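A quick write-up on the structure given underneath.
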Amino acid sequence: MTYKMSEFTGIGQNHVTKLRESGIENSDDMLRLWADQPNRDSLATKTGIDVKQLAGFASMARLARVQNVGPKYVEVLMAAGIDGPKSLFEFTSESLLKRLGEVTAEKKLTVPMPTIAEIGTWFVDAKPEVAVAV
């Protein structure tokens, strides 16, 4: 699924504008341009956004592609050190819920928390789609 970059709460409006001016309107654009590894530095120069931040935005886009995650839960997943489907699937539903709860408490986050039932759908529905993800 494709999401507008403005749908990600972890990306400020200033960065959304800079991304848009560089041809990145949505998560698919972000992943397509980020996949061109030799041009990442020029993308950073063109947008005025640090390469490390752009890498974070690409991670957000990858995570949002997991079925039923979307932009809603990307911020809490990233805060927990989960930067893509591969690291997401290192967890079980239960261990992930526990980790997200710990991170939310430690960092005093006020972001939406998924339920165990929602997390369960990520593991059931997402694996085939992840295989084709960029």
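Here is a yes/no grid of residues against (1) in contact with a strand residue (DSSP E or B) (Cβ under 9 Å, 6 or more places away or on another chain); (2) touching a residue at least 60 places away in the same chain (Cβ under 8 Å); (3) under 25 Å from Met5 (Cβ atoms):
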{"residue": "Gln67", "(1), (2), (3)": "no, yes, yes"}
{"residue": "Glu75", "(1), (2), (3)": "no, yes, yes"}
{"residue": "Gly81", "(1), (2), (3)": "no, no, yes"}
{"residue": "Pro85", "(1), (2), (3)": "no, no, yes"}
{"residue": "Leu88", "(1), (2), (3)": "no, no, yes"}
{"residue": "Ser93", "(1), (2), (3)": "no, no, no"}
{"residue": "Glu106", "(1), (2), (3)": "no, no, no"}
{"residue": "Thr115", "(1), (2), (3)": "no, no, no"}
{"residue": "Trp122", "(1), (2), (3)": "no, no, yes"}
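Of all the residues in the stretch 29-57, those that are surrounded by 20 or more Cβ atoms within 10 Å (Cβ to Cβ) and either closer than 16 Å to Leu77 by Cβ or touching a strand residue (DSSP E or B) at 6+ places or on another chain (Cβ under 6 Å) (or both) number 1. Kindly evaluate Glu75 against the criterion of being under 22 Å from Lys107 (Cβ atoms), modelled with pLDDT under 95 and in contact with a Gly (Cβ under 8 Å, 6 or more places away or on another chain). Taking the combined requirement at face value, the residue satisfies it.
From the set of residues in the stretch 63-104 that are among the small types (Gly, Ala, Ser) and assigned to a helix (DSSP H, G or I), which is surrounded by the most Cβ atoms within 10 Å (Cβ to Cβ)? Per the stated criteria, the residue is Ala64.
The values are calculated or read from the model by the stated rules, or taken from the named source; none is laboratory data. All figures in this text were calculated on a predicted structure; none of them were measured in a lab. Because the Cβ atoms are built from the backbone with ideal geometry, glycine has one as well, and the counts that use them run over all protein chains shown.
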